[in-house]
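The values are calculated or read from the model by the stated rules, or taken from the named source; none is laboratory data. Worth saying up front: this structure is predicted, and the values here are computed from it rather than measured. Note that each Cβ is placed from the backbone with ideal geometry, even for glycine, and that neighbours are counted across all protein chains shown.
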Amino acid sequence: MTKDVSRSIEPYSSKSMEARVADRASEFYTLRLYIAGLTPRSTLAVDRIRTICDRYLSGRYDLTVIDLYLHPEAARQAQIVVIPTLVKQTPAPMRLFVGDMTDEKRILRGLNIILEPSESSR
Amino acid sequence: MTKTAMKPKSAPVSLPKCTTGIQGLDEITGGGLPKGRPTLVCGGAGCGKTLLGIEFLVRGAVLFDEPGVFLAFEETAEELAQNVRSLGFDLEDLIEKKKLAVDYIHVERSEIEETGEYDLEGLFIRLGHAIDSIGAKRVVLDTLETLFSGLSNDSILRSELRRLFRWLKQKGVTAIITAEKGNGSLTRHGLEEYVSDCVLLLDHRVEGQISTRRLRIVKYRGSSHGTNEFPFLIDEGGVSVFPITSLQLQHKASAERISTGVPALDAMLGGQGVYRGSSVLLSGTAGVGKTSLACHAANACCQRGERCLYIAFEESEAQLLRNMRSIGLDLEPWVKKGLLRFQVARPTMNGLEMHLASIHKQVEAFQPQLVIVDPITSFVSSGTAPEASSMMMRLVDYLKSREITALLTNLSHAGTVLEQSEVEISSLIDTWLLLRDIELNGERNRGLYILKSRGMPHSNQIREFLLTDQGVQLTEVYLGPEGVLTGSARLAQEAKEKATAVERSLEIERKRGELERRQQALEAQIAVLQLQFQTDKEEMERDITCEQAYLEKLEQGRHDMARSRKSDSNGHIVTPKKARK
């Protein structure tokens, strides 16, 4: 395991569960989308993720799109194998989303935007 | 580059090959892996796939100046470096010198959400970047199939892998792809479908509590190859594959003869001993003196100033030295001089392959002219008989190819046919000496004879083999009407013969004396006769003189008378007659 990929556990705070859930609404998202060239799939993924972010995370996200053809060394650093890959760096835990981002439900769940008790523990 | 990497012996093969540098592998593949193509290496867990890959890269980087990329799916670069450090591979150094690039690829399903269609372009980019950054000629993907557990879309993976192999071929890199062995198929996810140029299967089997690794070339398109399972092993020198028999039978044959250390035995072997570089088998039951004879050979070898490697499985070095002193053979000075080296090990300590490897290593390090294995039968206890036999075959082959004389002892068990070696290598043996017990008159004695000795005249006689405090001695056995006599029976017979001989010689002496006497008597007789003859001769000569004198006197008288008568002097011959009338 390398440092980049190790999942850190959310630190427990003294706040109550309710307060923490409430905090979530104000969390800032750092997202990176790795693509390889402007293939139809890449552009589709970029469009999709921008739409989702604008709708659910308006004003509290930072999305960087990285073309690996231009920065091949970045693939190694970020452990990218599959294209396209969206990496949620913050808030923890770090998560990877692969594919052309057509499965919106899954993305929202993974980004912890729709809260479902069984999913939040993953 | 292509030409230098190719072995000259594979010249008629049109397929260019990439020499792996792994001991033995190039030999059985006829020069290496297909150059510029992917090779699939499959096998179960712990069979050495990763190591084979690493060694392929390290040897390529060190020996052939071909940089390599290692794409690890299971271990991080640090773990990998640690794991192979014990084999003497310094990955960090190679990475620093830009001879090697290691990229750890981490795909963890629990961290990944699949949200639609995707491809593995990221893998291509990383691999391409790594290859281009060091100008790699070799690539190892270990273990690619991990992707199947990390990503759920099989059809995407399959098409992407097919693309990957095509891409690797286009890149012109020689690649090794490792894969876990599946149930009833070569790989768990059917990778053999895509990598079809060359497939190696590694295997790790435990038989009789001793494990042996084996390698088999399942297919090799466009090239001839050995089809057998070849044992291989992993030790501190990396991977070594052992061809059961080397593909060529091209030993040099020296005409030089070397002594066995026992002059009488040399005499039996056409007077000069055995050929250098030949293999000698000494077989016999327990306690017939195999080790003693072997030590004589070792002694003779050291006396020539040559080195001897003695591999003993039954006695410790100290015990051997002590026991040999009791027959007047002091080997210790040779050990001190560094001419004689003992390698003592219990046969069950290692599997056969490890034994073979350690012998190889010792031979490489010590460069002996004579290798003694005492006894080879011990190998049977660390493997099955056919394995031991194939191992011995390889050992004999190996020693022959290096022109090292091999002296092997073989312990035959009582009741088995003596003319049969336990590990069935008789056909490989050039000179086979048989030591046997001869039981007669309540005694057990040792007999030695030569069962065969290729390429030299040799005695067909059984010799009695004596262990004296002057070492091994061979004497002729007595062959009489009662059969072969040895030991005290032979001594009795010899005494009898000696007595007869003494008698005979006395008789001869006597006869000789008589002859002399007779000669003397004869000579004496001759002397007497000669003396008598002399006397007679003198007497007769005297008579003759007298007669002559008389005749002269008579003539004189007649003359006187005629003169006095004054007769005709012409008629003086006739006149006397007339006068007489």
Return only the number of the condition from (1) over 44 Å from the mean Cα position of the chain (by Cα); (2) within 26 Å of B:Thr227 (Cα to Cα); (3) of a type in the set (Ser, Thr, Tyr) that B:Ser155 does not satisfy.
(2)
Condition check: outside any helix (DSSP H, G or I) and without any contact (Cβ under 8 Å) to a residue 60 or more places away in the chain. Does B:Gly455 satisfy that?
no
Within 14 Å of chain A (Cβ to nearest Cβ) and crowded, with 24+ Cβ neighbours inside 10 Å, is that true of B:Arg126?
yes
Conditions (1) modelled with pLDDT under 90; (2) crowded, with 16+ Cβ neighbours inside 10 Å -> B:Ala61 fails only (1)
B:Ala130 meets each of (1) at negative phi; (2) within 45 Å of the chain's Cα centre (by Cα) with one exception, condition (2)
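Given the criteria under 23 Å from B:Leu100 (Cα atoms) and either of a type in the set (S, T, N, Q) or in the same structural domain as B:Thr19 (by TED's automatic domain parsing) (or both), does B:Arg166 qualify?
Working: under 23 Å from B:Leu100 (Cα atoms): yes; either of a type in the set (S, T, N, Q) or in the same structural domain as B:Thr19 (by TED's automatic domain parsing) (or both): yes.
Spelling it out, B:Arg166 is indeed under 23 Å from B:Leu100 (Cα atoms) and either of a type in the set (S, T, N, Q) or in the same structural domain as B:Thr19 (by TED's automatic domain parsing) (or both).
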Hey, among the residues in the range B:159-207 that are small (Gly, Ala, Ser) and not in a loop (DSSP other than H, G, I, E, B), which one's surrounded by the fewest Cβ atoms within 10 Å (Cβ to Cβ)?
B:Ser159
Is the range B:120-134 home to any residue that is among the hydrophobic types (A, V, I, L, M, F, W, C), in contact with a helix residue (DSSP H, G or I) (Cβ under 9 Å, 6 or more places away or on another chain), more than 22 Å from B:Asp235 (Cα to Cα) and not in a helix (DSSP H, G or I)?
yes
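Tally up the residues in the range B:81-105 that are in a loop (DSSP other than H, G, I, E, B) and within 11 Å of another protein chain (Cβ to nearest Cβ), please. Break it down stepwise before answering.
Going residue by residue through the range B:81-105, those that are in a loop (DSSP other than H, G, I, E, B) are B:86-90, B:97-99, B:105.
With the extra rule that they be within 11 Å of another protein chain (Cβ to nearest Cβ), the set shrinks to B:105.
Total meeting the criteria: 1.
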Can you find even one residue in the range B:254-267 that is small (Gly, Ala, Ser), surrounded by 16 or more Cβ atoms within 10 Å (Cβ to Cβ), more than 21 Å from B:Thr475 (Cα to Cα) and in contact with a Gly (Cβ under 8 Å, 6 or more places away or on another chain)?
no
Yes or no: the range B:49-71 includes at least one residue that is farther than 28 Å from B:Ile217 by Cβ and charged (D, E, K, R).
no
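Out of curiosity, is B:Asp142 surrounded by fewer than 20 Cβ atoms within 10 Å (Cβ to Cβ), of a type outside the set (A, V, I, L, M) and assigned by TED's automatic domain parsing to the domain that holds B:Glu113? Steps first, please.
On the way: surrounded by fewer than 20 Cβ atoms within 10 Å (Cβ to Cβ): no; of a type outside the set (A, V, I, L, M): yes; assigned by TED's automatic domain parsing to the domain that holds B:Glu113: yes.
Against the criterion (surrounded by fewer than 20 Cβ atoms within 10 Å (Cβ to Cβ), of a type outside the set (A, V, I, L, M) and assigned by TED's automatic domain parsing to the domain that holds B:Glu113), B:Asp142 does not qualify.
Considering only residues of the range A:48-75 that are assigned to a strand (DSSP E or B) and touching a helix residue (DSSP H, G or I) at 6+ places or on another chain (Cβ under 7 Å), which is nearest to the other protein chains (Cβ to nearest Cβ)? Spell out how you get there, then give the answer.
Residues of the range A:48-75 assigned to a strand (DSSP E or B): A:61-67.
Remaining after also requiring touching a helix residue (DSSP H, G or I) at 6+ places or on another chain (Cβ under 7 Å): A:61, A:63, A:65-66.
Values: A:Tyr61: 17, A:Leu63: 15, A:Val65: 14, A:Ile66: 11 Å.
So the residue we want is A:Ile66.
Rundown of residues vs (1) surrounded by fewer than 23 Cβ atoms within 10 Å (Cβ to Cβ); (2) touching a His at 6+ places or on another chain (Cβ under 6 Å); (3) modelled with pLDDT under 85; (4) aromatic (Phe, Trp, Tyr), yes/no style:
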{"position": "B:Phe366", "(1), (2), (3), (4)": "yes, no, no, yes"}
{"position": "B:Leu370", "(1), (2), (3), (4)": "no, no, no, no"}
{"position": "B:Val373", "(1), (2), (3), (4)": "no, no, no, no"}
{"position": "B:Ala385", "(1), (2), (3), (4)": "yes, no, yes, no"}
{"position": "B:Ala406", "(1), (2), (3), (4)": "no, no, no, no"}
{"position": "B:His413", "(1), (2), (3), (4)": "yes, no, yes, no"}
{"position": "B:Val417", "(1), (2), (3), (4)": "yes, no, yes, no"}
{"position": "B:Leu428", "(1), (2), (3), (4)": "yes, no, yes, no"}
{"position": "B:Thr431", "(1), (2), (3), (4)": "no, no, no, no"}
Looking only at the range A:82-96, decide whether some residue is of a type outside the set (D, E, K, R), outside any loop (DSSP other than H, G, I, E, B) and in contact with a Gly (Cβ under 7 Å, 6 or more places away or on another chain).
yes
List every residue pair whose Cβ atoms sit under 6 Å apart, with the two residues 6 or more apart in sequence or on different chains, where the first one lies in the range B:92-104 and is assigned by TED's automatic domain parsing to the domain that holds B:Leu57 and the second, anywhere, is surrounded by 21 or more Cβ atoms within 10 Å (Cβ to Cβ) and of a type in the set (Phe, Trp, Tyr).
B:Val102/B:Phe70
Mind checking which pairs have a first residue in the range B:194-207 that is farther than 18 Å from B:Gly24 by Cβ and in contact (Cβ under 8 Å) with a residue 12 or more places away in the chain and a second that is surrounded by 22 or more Cβ atoms within 10 Å (Cβ to Cβ) and small (Gly, Ala, Ser), Cβ under 8 Å, 6 or more apart or different chains?
B:Glu207/B:Gly383
Per the list (1) more than 10 Å from chain B (Cβ to nearest Cβ); (2) modelled with pLDDT of 85 or more, residue check on A:Thr102 breaks on (1)
Considering only residues that are crowded, with 24+ Cβ neighbours inside 10 Å and either more than 7 Å from chain B (Cβ to nearest Cβ) or among the hydrophobic types (A, V, I, L, M, F, W, C) (or both), which ones fall in the range A:78-95?
A:Ile80, A:Val81, A:Val82, A:Ile83, A:Leu86
Regarding B:Ile234, is this residue in the same structural domain as B:Thr50 (by TED's automatic domain parsing) and either basic (Lys, Arg) or surrounded by fewer than 23 Cβ atoms within 10 Å (Cβ to Cβ) (or both)?
yes
Those residues that are assigned to a helix (DSSP H, G or I) and more than 12 Å from every other protein chain (Cβ to nearest Cβ), I need them from the range B:140-158; list them, please.
B:Phe148, B:Ser149, B:Asp154, B:Ser155, B:Arg158
State all residues of the range B:129-139 that are surrounded by fewer than 20 Cβ atoms within 10 Å (Cβ to Cβ), within 12 Å of another protein chain (Cβ to nearest Cβ) and touching a strand residue (DSSP E or B) at 6+ places or on another chain (Cβ under 7 Å); if no residue qualifies, say none.
B:Ser133
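Look through the range B:208-228, keep the residues that are among the β-branched types (Val, Ile, Thr) and modelled with pLDDT of 80 or more, and return whichever of them is surrounded by the fewest Cβ atoms within 10 Å (Cβ to Cβ).
Here is the first cut: in the range B:208-228, the residues among the β-branched types (Val, Ile, Thr) are B:210, B:212, B:217-218, B:227.
After this cut, where a residue has to be modelled with pLDDT of 80 or more as well, the list is B:217-218.
Working: B:Ile217: 21, B:Val218: 14.
By that ranking, first place goes to B:Val218.
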Would a scan of the range A:98-118 turn up a residue that is under 24 Å from B:Phe73 (Cα atoms), among the hydrophobic types (A, V, I, L, M, F, W, C) and surrounded by 15 or more Cβ atoms within 10 Å (Cβ to Cβ)?
yes
Among the candidates B:Glu78, B:Glu74, B:Glu66, single out the residue that is in a loop (DSSP other than H, G, I, E, B), within 13 Å of chain A (Cβ to nearest Cβ) and among the acidic types (Asp, Glu).
B:Glu74
Residue in the range B:178-187 that is touching a Gly at 6+ places or on another chain (Cβ under 8 Å) and either within 16 Å of B:Ile54 (Cα to Cα) or at pLDDT 90 or above (or both) present
yes
